[in-house]
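Below is one structure, written out as structure tokens, with a few remarks after it.
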Amino acid sequence: MSAIASQYLAILLFFGVAIVFAGIFVVAPIAVSALAGTSKPDSVKLSEYESGFPAFSDARTKFDVRFYLVAILFIVFDLEAAFLFPWAVSLHWGGQPAWWAMMEFLGELAIGLAYAWKVGALDWE
């Protein structure tokens, strides 16, 4: 093998592995989906799943505001969990001020949750 060809061997191997992984992660799921019959809709597949709203209806239909309130509350408390992990990992650097800052943050979130609960934002009819 020539010197130039041996220098390009690593690049060719990289492209070969990339093509194999593309086939595994892109082409294989499409093939399995076609074989499993997901492209053949029926009444069960087109029924409501999680939201309870019809899957295919007019795009200008009104949604209940409570759906958005619950979604916003979920995002707020999900972000709380996302903030708690790095805070807990780095707590030994911040010491007592970091502890009280997080307790204030959690207190404000608790007040917000109590308010949302009191006004009935979490009630679903």
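Kindly provide the set of residues from region 106-125 that are within 14 Å of Trp87 (Cβ to Cβ) and in contact with a Leu (Cβ under 9 Å, 6 or more places away or on another chain), ordered by number. Let's see the steps before the verdict.
Filtering region 106-125 for residues within 14 Å of Trp87 (Cβ to Cβ) gives 106, 109.
Residue satisfying the conditions is Leu106 alone.
Taking (1) touching a Ser or Thr at 6+ places or on another chain (Cβ under 9 Å); (2) at pLDDT 85 or above in turn, Ala82 satisfies each apart from (1).
The values are calculated or read from the model by the stated rules, or taken from the named source; none is laboratory data. A quick note: this is a predicted structure, and the numbers were derived from the prediction, not measured. Note that each Cβ is placed from the backbone with ideal geometry, even for glycine, and that neighbours are counted across all protein chains shown.
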